[in-house]
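S.K.: Dropping a structure here in structure tokens format, bear with me for questions.
The values are calculated or read from the model by the stated rules, or taken from the named source; none is laboratory data. Only a predicted model underlies this, so the values are computations on that prediction, with no experimental measurement involved. Using ideal geometry, Cβ is built from the backbone for each residue, glycine included, and neighbour counts are taken over all protein chains shown. Just so you know, the surface numbers come from the protein's heavy atoms only, side chains and all, with ligands and any DNA or RNA stripped out. Shrake-Rupley method; radii C 1.70, N 1.55, O 1.52, S 1.80 Å.
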Amino acid sequence: MGRLFWKIFLSFWLTLLLIISGVIWGTTIYLQNSDAFQVNDLRSRMMNRQAMSLAQVIRYAGPEAGKAILLSPHKHHRRRPRFFVLDSQGHELLGRQIDLTAPDIKEYASVKAPDGETFRLVSTNSLRPRPSVAALFLRPFKRSPAVYILWLAIALLFSAMVSFWLTLTITRPIKSLQRASKQLAAGDLETRVAHTMDARRDEIADLAQDFDRMAERLQTLLLHQKQLLSDVSHELRSPLARLKVALGLAQKRQFGIMPEELKRIELESNRLDDLIGQVLTLSRLESGSVYRRDDYLDVAELVESIVQDCNYEINGAQKRVLLKAENTGIIEANADLLRRALENVIRNAVHYTQADTDVTVTLETTGSSDKSLQLRICDHGSGVPDLQIDQLFEPFVRLSSARDRDSGGFGLGLAIAKRAILFHNGEISAWNRPQGGLCVQIILPVQTIGRKS
Amino acid sequence: MPSVLLVDDDQEFTSMLSDYLTDEGFKVELAHDGQTGIKKALALVPDIVVLDVMMPVLDGFDTLQALRKSSHIPVLMLTAKGEDIDRIIGLEMGADDYLAKPCNPRELVARLKAILRRSQSQTNSPISLVSGDLEISPASRQATYRHQPLELTSSEYNLLETLARHAGHVVDKETLSEQALGKPLTVYDRSIDMHMSKLRQKLGDTDQMLIKTVRGVGYQLAR
């Protein structure tokens with residue numbers, strides 16, 4: 001869940017909570033006011049009217065008639081207000097007991113009967129209103145704090161769920177767009193995103209469509225670029241083949257003694273040959289490869305032989321390659337590609353490490369169930385600018401004038417190394433050491449090979 | 001004077017290479033497409049054919065396949081640089097050697113001479129090599145053991161054939177690597193041992209009676 005998710009979610013939730021509590025608060029007040037007023041008003045008018053009619057009966061027909069009315073069954077019996085009629089001595093007409101000190105006692109009328117006796121009309125429930133709609137509505141909240149909290153929790157949960165769903169519908173497509181952009185940036189040009197939008201028809205779906213169009217265009221352009229590079233290199237091989245034969249002929253005509261200029265031409269044509277070879281290797285590795293993989297290599301021995309070669313060549317340059325290798329066993333690989341990859345990384349380290357320093361090469365086995373080899377090559381050079389470390393394995397990338405100008409390479413060695421490692425289902429990564437210098441780590445999966453003879 | 005037939009569609013290249021090879025004491029014939037190449041190879045019967053892989057219409061592999069139906073003239077293939085798979089296919093189809101183009105003409109001459117030396121020493125190459133219960137026919141690249149055909153990979157077959165050619169003698173790993181796998185032996189390469197172990201499994205040779213390991217040197221096929 002990203003920051004955007006929480007932002008939208010919290011604002012949705014907060015808004016929803018505010019609206020809910022506002023609506024409840026408003027309606028409660030409204031209902032309480034209008035309800036209480038209307039119902040009480042209606043009720044007290046009815047009470048008054050009934051009291052008046054009872055009073056009239058007693059005044060003109062005497063207490064016996066009043067008694068009859070009090071006793072008469074009423075179709076709205078339950079709702080009929082209970083009136084008590086008291087004579088001047090305080091005796092109730094029907095002999096019912098009544099506590100005149102009760103708080104809800106209200107006297108409605110005082111009336112003189114035809115025999116001169118004065119009667120008082122009293123009711124006990126005049127002030128108790130029937131529970132109003134608002135009261136009914138609020139009743140659950142009035143029981144106890146626990147119930148109140150329960151209801152609050154339900155409201156919170158409900159609003160949270162709604163906000164969560166709303167937020168997801170917005171952030172999920174954004175998230176998948178983001179993921180696609182990352183994949184595309186990481187080099188997966190096949191990435192498309194519109195199909196994840198399902199039946200969406202809105203601005204985000206449009207954005208996804210546009211993204212796909214962009215990715216497609218990018219893919220075509222890059223494909224063309226690579227194809228062009230590969231085609232040009234292929235085409236260059238014919239003139240180069242002729243150049244080499246012509247050079248051989250010229251050399252013959254000089255009876256084997258080559259002038260400096262011819263030697264120079266030979267050197268440069270070899271370099272050109274090398275460059276073309278590297279471009280073609282790279283493009284072949286990138287285009288899903290045609291390389292076989294049926295050599296069996298002892299990786300520890302391979303690394304050792306490369307380190308020996310390096311140490312032999314730098315003899316006297318005050319540099320050293322130190323090797324710490326475990327016996328790692330045998331892997332099935334393309335010997336040529338793997339040797340070139342490892343050799344390139346190690347030679348690079350030797351080239352960039354400062355005089356009087358060491359390059360350390362460590363090889364060990366890691367993991368228990370799926371075993372892999374871990375080769376780490378660290379130099380004591382100036383490292384690579386942090387911003388450019390990701391481009392280290394890209395073809396034709398010259399990182400800095402300091403690091404690359406005098407290397408004599410084409411900026412293809414590490415690019416080929418990376419693709420060769422990927423071809424072997426491995427990983428390659430690089431980082432600057434805090435104490436200076438660059439580390440390159442290569443991880444190769446080990447297939448267990450049945451027997452070792 | 002050894003004769004060589006150059007088959008390549010690049011006419012400027014072949015004419016210059018022809019000059020170079022003539023200088024080196026070869027008698028050179030030229031062909032600029034596969035069809036002509038086959039015709040000339042069958043008609044003139046040169047000592048060796050240099051065949052470019054990348055040709056229009058009939059490419060080097062097709063030409064080689066057609067040629068091998070009726071001829072065992074040694075063939076050197078000029079493959080695209082670094083096309084690993086070309087080399088493998090070429091060797092499996094019966095090419096005698098390969099060289100990546102663009103190549104150094106000096107190296108080409110050295111290779112041609114090496115192939116010629118080899119083919120002269122094996123002029124009457126046997127139809128089949130028999131060693132005990134093992135029978136190998138190089139023309140069809142088939143091997144049978146106790147009259148049962150063996151299902152071998154290309155590398156395994158090559159190793160077996162190389163051993164059979166020197167049956168009774170120890171063949172060192174350098175030779176095996178060069179002749180059977182087409183690459184120089186390196187200290188870290190265990191391919192020969194691995195292929196040999198699989199070969200033994202297929203032969204049912206668990207007690208190493210058929211193929212003996214000579215520790216530190218190489219292998220020996222019992223005669």
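S.K.: Rounded to the nearest 500 deg cm²/dmol, what is the calculated helix-only ellipticity per residue at 222 nm for the protein assembly as shown, with -39500 (n - 2.57) per DSSP H run of length n ≥ 4?
M.R.: -17000 deg cm²/dmol
S.K.: Roughly how crowded by other chains is peptide B:178-191, in terms of the mean Cβ count from those chains within 10 Å of each of its Cβ atoms?
M.R.: The shielding value for this peptide is 5.
S.K.: Dipole size in debye (nearest 20) for segment A:295-445 around its Cα centre, Lys and Arg Cβ +1, Asp and Glu Cβ -1?
M.R.: 400
S.K.: Give me the log10 of I(q) over I(0) for chain B at q = 0.09 Å⁻¹, as the Debye formula computes it from C-alpha points; what are the numbers?
M.R.: The calculated log intensity ratios at q = 0.09 Å⁻¹ are -0.40.
S.K.: Moving on to the next point. Sorted by accessible area (1.4 Å probe), largest first, how do A:H195, A:H424, B:H147 line up?
M.R.: Ranking A:H195, A:H424, B:H147 by accessible area, largest first, yields B:H147, A:H195, A:H424.
S.K.: Among A:T365, A:V279, A:L249, which residue has its Cα furthest toward the positive end of the charge dipole of chain A, with +1 on Lys/Arg Cβ and -1 on Asp/Glu Cβ?
M.R.: It is A:T365, whose Cα lies furthest towards the positive end.
S.K.: Another question, then. Please flag any cysteine in the protein assembly as shown that has no other cysteine's Cβ under 4.7 angstrom from its own Cβ.
M.R.: A:C310, B:C103 - these cysteines have no disulfide-compatible partner (Cβ-Cβ under 4.7 Å) in the protein assembly as shown.
S.K.: Ranked from the most accessible area to the least, with a 1.4 Å probe and all protein chains present, what is the order of A:E394, A:E92, B:E12?
M.R.: Listed by decreasing accessible area, they come as B:E12, A:E394, A:E92.
S.K.: Taking 25 Å as R0, compute the FRET efficiency from the Cβ-Cβ separation of A:I19 and A:L207 and round it to 0.05.
M.R.: 0.25
S.K.: Now a separate question. To test your reading of the geometry: what angle, between 0 and 90 degrees and rounded to tens, separates the Cα axis of helix A:260-286 from the longest principal axis of chain A?
M.R.: Between helix and principal axis, roughly 30 degrees.
S.K.: Using only atoms on other chains, find how many Cβ atoms lie within 10 Å of each Cβ of peptide A:234-246 and report the average.
M.R.: Average neighbour count from other chains, rounded to a whole number: 6.
S.K.: Farthest toward the dipole's positive end in segment A:295-445, which of A:I314, A:A355, A:G426, given Cβ charges of +1 (Lys, Arg) and -1 (Asp, Glu) about the Cα centre?
M.R.: So the residue furthest toward the plus end is A:A355.
S.K.: Using a 1.4 angstrom probe and counting only protein chains, how large is the accessible area of A:M161 in Å², to 10?
M.R.: Rounded to the nearest 10, the figure is 120 Å².
S.K.: If I model segment B:129-221 as equal point scatterers sitting on the Cα atoms and use the Debye formula, what is log10 I(q)/I(0) at q = 0.20, 0.25 Å⁻¹?
M.R.: These q points yield log10 I(q)/I(0) values of -0.94, -1.53.
S.K.: Here's something else I'd like to know. Each residue of segment A:305-320 in turn: what ³J(HN,Hα) in whole Hz from Karplus with 6.51, -1.76, 1.60 and θ = phi - 60°, glycine and Pro shown as x?
M.R.: So the Karplus estimates, Gly and Pro as x, are 5, 5, 4, 4, 4, 4, 4, 5, 6, 8, 3, x, 8, 6, 10, 9 Hz.
S.K.: Mind checking which of B:L30, B:S119, B:P105 is farthest towards the positive end of segment B:1-153's charge dipole, using Cβ charges of +1 (Lys, Arg) and -1 (Asp, Glu) about the Cα centre?
M.R.: Towards the positive end, the residue furthest out is B:S119.
S.K.: Quick check for me: using +1 on Lys/Arg Cβ and -1 on Asp/Glu Cβ, what's the dipole size of the protein assembly as shown about its Cα centre, in debye to the nearest 20?
M.R.: In debye, rounded to 20, the protein assembly as shown gives about 4480.
S.K.: Right, something else. With all protein chains present, calculate the accessible area of A:Y30 using a 1.4 Å probe and round the result to the nearest 10 Å².
M.R.: Accessible area, nearest 10 Å²: 150 Å².
S.K.: Mind ordering A:15-27, B:102-114 by average Cβ neighbours within 10 Å, highest first?
M.R.: B:102-114, A:15-27
S.K.: Amide H of A:G437 versus every other amide H placed in the peptide plane: which residues, excluding those fewer than 5 positions away on the same chain, fall under 5 Å?
M.R.: A:G381, A:G383
S.K.: How big is the convex hull of the Cα atoms of the protein assembly as shown, per residue, in Å³?
M.R.: Taking the convex hull of the Cα positions in the protein assembly as shown, it is 315 Å³ per residue.
S.K.: Could you list which residues have their amide H under 5 Å from that of A:V193, counting only those 5 or more apart in sequence or on another chain, with H placed in the peptide plane?
M.R.: Amide H to amide H, under 5 Å and 5 or more residues apart or across chains, A:V193 pairs with A:D212.
S.K.: What average count of beta carbons from other chains do you get within 10 Å of the Cβ of residues in B:97-109?
M.R.: Average per residue, whole number: 4.
S.K.: Dividing the alpha-carbon Rg of segment B:3-121 by 2.2 N^0.38 Å yields what?
M.R.: Against the empirical 2.2 N^0.38 Å value, I get 0.94 for segment B:3-121.
S.K.: Grab the eigenvalues of the alpha-carbon gyration tensor for segment A:295-445, scale each by 5, take roots, and send me the semi-axes largest first in whole angstrom.
M.R.: Computed over segment A:295-445, the values are 24, 18, 15 Å.
S.K.: What residues have an amide H closer than 5 Å to that of B:D59, excluding those fewer than 5 places away on the same chain, when H is modeled at 1.01 Å from N in the peptide plane?
M.R.: Excluding prolines and chain starts, which carry no amide H, there are no hits.
S.K.: Something else about it: Sequence gap at least 6, Cα distance under 8 Å: using those rules, report the relative contact order of chain A to the nearest whole percent.
M.R.: It rounds to 10 percent for chain A.
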